[in-house]
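Reviewing the structure listed below.
We did not get these values from a lab; they are worked out from the coordinates using the rules stated. Predicted, not measured: the structure shown is a model, and the values here were computed from it. So basically every Cβ, Gly included, is an ideal-geometry build from the backbone, and we count neighbours across all protein chains shown.
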Amino acid sequence: MHMISVVVPCYNEVESLPIFVTELERVIRSMRDEFGVSFELIFVDDGSQDATLSSIKMNAARLSGISRVRWLSFSRNFGKEAAIFAGLERSSGDFVATIDADLQDPPSLLFDMYSMLQDNEFDNVAARRANRDGEPTIRSLFARSFYRIFNRISNTDVVDGARDFRLMRRSMVDAVLSLRERNRFSKGIFGWVGFKTRWIPYVNARRVAGETKWSFISLVLYSIDGIMAFSTAPLFISSIAGIILCFAAIFGALFIVVKTFLWGEPVAGWPSLACIVTLLGGLQLLCLGIMGQYLAKTYLETKNRPLYIVKESGTEEEDDIADSESSQAE
């Protein structure tokens, strides 16, 4: 009998967790009846500032009758990527799923995902949004542009609309866990490790409760991290820009020399000169900034700090034992 581990990263999801657990419970019961599989749920509290951890523990008791439930809580917010990695590390199932708790990832798709993996043709089944209804136009435009740029400058293919929601075989999970870099971009990592992927398109869904934790700026920074993690094209582009500007400077100097000898050089043109100097200075700073970002990532990697720090962890079984011992003591 197969076991399916479900990793649920949570950050300030106290409002959406009860609704999510209700839907997940329905899916678990359905899959147990249909396939005879067992479940392991791993909730990761990513340093939430609300009562998310308390809600996790309360809902763990609710789910303990149909699956094994584990949770861990970070000492601070280390980010969703670290939460996913921590959950994968603690998973023990033959198949492992990663899913958000806001119900933008429909738990009902787990049924189809598991069915598709039974023929051994694919190593994982992943969800992708078929549309972006309800998303701001500017945000959608930048998101689509990011996927186009990323796929052009990187050897790793990421499908437009790809989500972190997927069901993987244990072999793929082990491959993902072997990549312990700090600058993590899960969509790129899932693509980089290879394995055969089948995509399931679904209609975009809004959050059931609460507010998104991703601002436009945070998404832009996240996309920059993703590009730098899987491509050195920005360094190549800055080098090409430097070469082009060097040739332009040489031809410009020759032009000025010839022009001065033939027609003389009146004292004029300082506004255009100021613009050129400003442009070149800006390009130099841009190229230095690109190199600095890569050096900064290298610097952080060499520190070899842990990806996360666990403040508290447990299982529903441990809570049951503790409650039993407390009752006996009384």
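How long is the gain from Asp157 to Met1 if the chain were fully straight, where each residue apart is worth 0.36 nm and the alpha carbon distance is subtracted? Intermediate values should be presented prior to the final figure.
Numbers: separation 156, 0.36 × 156 = 56.16 nm, distance 3.35 nm.
Residue separation times 0.36 nm, minus the Cα-Cα distance, leaves 52.8 nm.
Quote to one decimal, in nm, the extra length available between Leu245 and Glu181 on full extension: 0.36 nm per residue of separation minus the C-alpha distance between them.
Here the answer is 19.5 nm.
May I ask you to work out the translational diffusion coefficient for the stretch 2-133 at 10 °C, viscosity 1.306 mPa s, via Stokes-Einstein with Rh from the Kirkwood sum over Cα pairs, reported in whole µm²/s? Don't skip to the answer; put the middle values down first.
Values: Rh = 15.1 Å.
Diffusion coefficient, whole number: 105 µm²/s.
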Translational diffusion coefficient (Stokes-Einstein; Kirkwood radius from C-alpha pairs) of the stretch 48-126 at 4 °C, 1.567 mPa s, in µm²/s: 88
The stretch 1-72: trypsin sites (Lys or Arg not before Pro) in DSSP loop, at most 13 other beta carbons within 10 Å: none
